[in-house]
Structure formats: C-alpha cells, structure tokens
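Notes follow the structure.
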C-alpha cells in the first residue's frame with residue numbers, strides 16, 4: 001500500500017488547527033516596529049491603550065506610539081451631568097497618554113476631534129492648547145484638529161511653534177461652532 005502525502009492545503013490547515021488549539025499568539029510574536037507602525041497606529045488611541053492588559057509584553061508597548069488619534073464624541077450628547085463627566089473622562093485620557101508617552105517629541109501624527117470650548121469653561125480651551133503644544137516637535141508630519149465650540153466660547157489660537165515644525169506636511173483645522181437659540185413663533189389669528 002502506498003502512503004498518501006498530504007496536500008499543501010491540508011498541511012496549512014493542520015498547522016492552523018494546532019496553533020489555535022495550543023492558543024498560540026501570533027500577533028505578539030511580531031516585531032515591535034510592525035505592531036506599533038502597522039497595527040496599533042491605525043487604531044484610536046483609547047483602544048491602543050486598552051491593549052496594555054493583553055499581556056506583559058503589551059503593557060507598555062503603547063507608550064512608544066508615534067501616531068495619536070483622540071476622538072471625543074461627548075459633544076454629540078445632550079448637555080446633562082453625564083455630558084460633563086464624559087468631557088472630564090476624555091481630558092483625563094488625553095492628559096494621561098501624553099504624560100506617559102516615552103517621547104512626546106517623536107510624535108509623527110495626531111488627530112484631535114473634541115470640544116474646544118464650552119460656555120463658561122476656560123479650562124477646556126486651555127487643555128486643548130496644551131495638548132497641541134505637547135505634540136509639536138521636529139518629527140510632527142500631520143496634525144488634524146476638529147474643534148467644536150459652543151456659543152461664543154474662546155477661539156482656538158494656533159501656537160506659533162507649529163510653524164517651526166520642519167517635517168509638517170499636512171495640517172487641517174476645522175472649527176465647528178454650535179449656537180443654542182430658541183426659536184419663538186407667534187401666530188395671530190385675526191377675525
């Protein structure tokens with residue numbers, strides 16, 4: 001009796017089954033540069049930070065990020081107590097990430113989509129200014145800002161140091177202003 005050699009597809013299938021049965025982690029075996037530049041840099045920063053709980057190797061990996069993507073959607077919600085809590089939570093996230101990065105000056109790209117100013121809230125505008133200044137450095141290539149303001153909050157002023165970034169090739173700034181007003185209609189019936 002002749003033995004039958006497994007085909008290429010069967011061989012690959014067996015390897016995949018054995019890897020999944022053993023719980024092999026192929027992503028963690030990738031080089032750090034591939035993980036950071038090809039995978040993690042394409043995800044929102046909040047998601048990237050949450051990968052720190054995956055394993056010991058991933059615990060501090062995110063601190064070497066060179067691409068930051070912060071998106072705060074709390075301004076899309078009704079103005080209530082939880083709205084303010086969401087704004088504070090977002091500020092804590094951004095402040096924590098920026099303070100724990102190994103080298104903020106090595107940031108290549110940052111996208112920031114958030115409320116820039118709120119009525120009677122100067123600290124929010126100061127925070128956004130601080131975040132933008134924190135990533136300005138010699139390696140910054142792209143900076144995209146989508147800043148939302150409410151009523152007549154203070155306008156965002158670009159830091160002059162932004163114009164000294166030698167590698168800056170893409171800059172986008174969109175300001176979206178929301179005005180709250182009450183529309184009153186009076187209808188008179190004349191007989």
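The values are calculated or read from the model by the stated rules, or taken from the named source; none is laboratory data. Everything quoted here is computed from the prediction, not taken from an experiment. FYI the Cβ positions are ideal-geometry reconstructions off the backbone, even for glycines, and counts take in every protein chain you see.
So here's what we get for this one:
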| read-out | value |
| --- | --- |
| Residue count for the range 104-122, restricted to those that are in a strand (DSSP E or B) and either within 13 Å of residue 87 (Cα to Cα) or modelled with pLDDT under 90 (or both) | 7 |
| Residues that are outside any loop (DSSP other than H, G, I, E, B) and free of Cβ contacts under 8 Å to residues at least 24 places away in the same chain, drawn from the range 43-61 | 47, 48, 50, 51, 52, 53 |
| Qualifying residue in the range 126-144 (condition: modelled with pLDDT under 80 and either assigned to a strand (DSSP E or B) or surrounded by 18 or more Cβ atoms within 10 Å (Cβ to Cβ) (or both)) | no |
| Filtered residues of the range 30-42 (kept if free of Cβ contacts under 8 Å to residues at least 24 places away in the same chain, assigned to a helix (DSSP H, G or I) and over 17 Å from the mean Cα position of the chain (by Cα)) | 33, 34 |
| Count of residues meeting criterion [surrounded by fewer than 13 Cβ atoms within 10 Å (Cβ to Cβ) and under 16 Å from residue 108 (Cβ atoms)] in the range 39-57 | 1 |
| Count of the range 62-90 residues which are modelled with pLDDT of 90 or more, crowded, with 18+ Cβ neighbours inside 10 Å and over 17 Å from residue 142 (Cβ atoms) | 1 |
